[in-house]
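Please read the structure below before turning to the comments.
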Amino acid sequence: MVMSPVADRFTPSTMHRVNDADLQRETASASISGTSPRTPTDQRIASLIELLSTSSLLRSAIPYVRQLALLETLRRCETWEVAKQICIENMAGSPYVPDEQKNRLVELVLLEQWDMVRQALQCRSTPDVVMPPKWRMYQSMVVELFTRSRKVRALPDARRCQLGQAIHSTMSIEGLKELAMVSLETSTTLTAQDRQQIANDLWDDRYDLLLLPDRFDCDEKPRQRAEAQHVGQQGVDADDDDECPICLGTNVVDRRLQCGHRMCHSCVDQWVARNQGSQFTCPMCRAPCHRSHVQAI
């Protein structure tokens, strides 16, 4: 498989040039190009995604990185049969859900008994939630994959910080996929076979497979505060962990922005420095922030 060409702005020498003006231009562009060419046309796929996104059972039982990867995989399924098969594979093979529960869930999905699926998954109503843009949800998945990857953790700290900044500076799904491809080309912790398998999964939009040991080898540990799990899919980022999402867990979070997002002081300093002033935008939600309002936690 031929890799995508390396984009200029992802190279170490150009990454620091991206500023808020650039991000505003990208935001306008993302409203047009931020959606994937694969958008579900079957309402059953959208219904399945909604059920999985609002399930209290899955939120407490399945690690956050797996939830995000499965949801992004389903969003890019072209047919209902493919989406249903992927969902069943993930449920049947899950070590996080008791056998009696997952067997029942698989049966209900096969029969398309959605009211019973909703009840079994303990879905909750979220009528007032405004979903973030598609590229933003995709970005959250990429951050979680890279943060939880044992192979990414083996990289030097400076490289992890560089990757994290590049991810948070990219505001389209295709740009994020290209960045992932670029990181494969330059990785020193992946074998040639690893790179080929990951590239295939990225092109096929099979993000659930990227967690496997011969791909990114993700640490699927439970979130630290279960009651805060999975809010990212409901419109707010689930930064309930102590690892900084900007530098991909290189440092622990010790600062809180006005918007509520948390990160380490080093990432705050670097993000502020890019703007050459005290005003900046949150790298996670683009809300306006001021250096004087950053709180130590």
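The values are calculated or read from the model by the stated rules, or taken from the named source; none is laboratory data. The structure displayed is predicted, hence computed values, not measured ones. Here the Cβ is made from the backbone with ideal geometry for all residues, glycine too, and neighbour counts use every protein chain on show.
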**Item:** Filter pass, L57 being of a type in the set (A, V, I, L, M) and either more than 22 Å from I198 (Cβ to Cβ) or in a helix (DSSP H, G or I) (or both)
**Value:** yes
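Let's see how each residue does on (1) modelled with pLDDT under 80; (2) out of contact with any Cys (no Cβ under 7 Å at 6 or more places or on another chain); (3) in a helix (DSSP H, G or I):
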position	(1), (2), (3)
V2	yes, yes, no
R9	yes, yes, yes
R66	no, yes, yes
L71	no, yes, yes
V82	no, yes, yes
R118	no, yes, yes
**Asked** Which of the residues belonging to region 39-52 are surrounded by fewer than 20 Cβ atoms within 10 Å (Cβ to Cβ) and either within 18 Å of the chain's Cα centre (by Cα) or at pLDDT 95 or above (or both)?
**Response** T39, E50
**Request:** Could you tell me whether any residue of region 163-172 is of a type outside the set (K, R), surrounded by fewer than 21 Cβ atoms within 10 Å (Cβ to Cβ) and on the phi < 0 side of the Ramachandran plot?
**Result:** no
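Check G235, G260 and return the single one that is surrounded by fewer than 18 Cβ atoms within 10 Å (Cβ to Cβ) and at pLDDT below 85.
Exactly one residue qualifies, and that residue is G235.
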**For L74: the one exception among (1) under 22 Å from M141 (Cα atoms); (2) in contact (Cβ under 8 Å) with a residue 24 or more places away in the chain; (3) surrounded by fewer than 16 Cβ atoms within 10 Å (Cβ to Cβ)** = (3)
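For region 161-176, which residues satisfy the criterion of being assigned to a helix (DSSP H, G or I) and either of a type in the set (A, V, I, L, M) or free of Cβ contacts under 8 Å to residues at least 40 places away in the same chain (or both)? Walk me through how you get there before you give the answer.
The first filter runs over region 161-176 and keeps only residues assigned to a helix (DSSP H, G or I), leaving 161-168, 173-176.
Passing the criteria: L163, A166, I167, I173, L176.
Go through region 260-281 and give me each residue that's under 22 Å from L68 (Cβ atoms) and touching a strand residue (DSSP E or B) at 6+ places or on another chain (Cβ under 7 Å).
Residues of region 260-281 that are under 22 Å from L68 (Cβ atoms), as a first pass: 260-264, 267.
Of everything in region 260-281, those that are under 22 Å from L68 (Cβ atoms) and touching a strand residue (DSSP E or B) at 6+ places or on another chain (Cβ under 7 Å) turn out to be R262, M263, C264.
Among the residues of region 128-152, write down those that are charged (D, E, K, R) and closer than 24 Å to E174 by Cα. Explain how you work it out, then say what you get.
In the first step, residues of region 128-152 are kept if they are charged (D, E, K, R); the result is 128, 134, 136, 144, 148, 150-151.
Matches in region 128-152: K134, R136, E144, R148, K151.
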**Message:** Need the failing condition index for L176 against (1) out of contact with any Ser or Thr (no Cβ under 9 Å at 6 or more places or on another chain); (2) at pLDDT 90 or above; (3) under 20 Å from W271 (Cβ atoms), just the number.
**Reply:** (1)
**Request:** Could you list, in sequence order, all residues of region 244-257 that are in contact with a Cys (Cβ under 8 Å, 6 or more places away or on another chain) and either crowded, with 22+ Cβ neighbours inside 10 Å or under 21 Å from V142 (Cβ atoms) (or both)?
**Result:** C244, I246, C247, L248, T250, N251, V252, V253, L257
